[in-house]
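Notes follow the structure.
Every number in this text was worked out from the coordinates using simple rules, so none of it is lab data. The structure displayed is predicted, hence computed values, not measured ones. Reconstructed Cβ throughout: ideal geometry from the backbone, glycine too, with neighbour counts over all protein chains shown.
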């Protein structure tokens with residue numbers, strides 16, 4: 001199962017298994033609350049300006065995994081060793097944020 005970037009999806013290899021991630025409206029609302037942002041624009045700016053923390057990356061990936069149908073836990077994610085390590089995880093989180101707000105052509 002491959003990710004469809006046009007649909008806002010991002011592929012994430014976690015523990016050697018490929019998962020499709022997608023930020024849905026519901027998971028974006030949860031992220032706003034969890035990350036203490038007052039708007040979606042502020043959440044996007046946090047990643048665009050490089051002001052994100054490792055906890056932010058984990059929260060975005062967890063939300064994206066859930067949006068893609070994953071039923072794991074945050075502990076599963078943290079223990080799952082994402083492909084590319086911390087840099088790969090940050091890239092996947094940034095791609096999720098960017099694709100959630102991309103306007104399809």
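Below is a table of values for the structure above.
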item	result
Nitroxide proxy distance, nm - points 7 Å out along Cα→Cβ at residue 4 and residue 78	3.4
FRET efficiency, residue 29 to residue 91 (Cβ-Cβ, R0 25 Å, nearest 0.05)	0.55
Kirkwood hydrodynamic radius over Cα pairs of the stretch 5-100, then Stokes diffusion coefficient at 20 °C and 1.002 mPa s, in µm²/s	165
Value at 222 nm in deg cm²/dmol, rounded to 500, when DSSP H runs of n ≥ 4 in the chain each add -39,500 (n - 2.57)	-16000 deg cm²/dmol
Added length on full extension, which subtracts the Cα-Cα distance from 0.36 nm per residue, residue 98 to residue 58	12.8 nm
Potential lengthening between residue 13 and residue 40 on full extension [0.36 nm per residue; Cα-Cα distance subtracted]	7.1 nm
Principal axis dimensions, largest first and in whole angstrom, of the stretch 60-105 by Cα	37, 23, 12
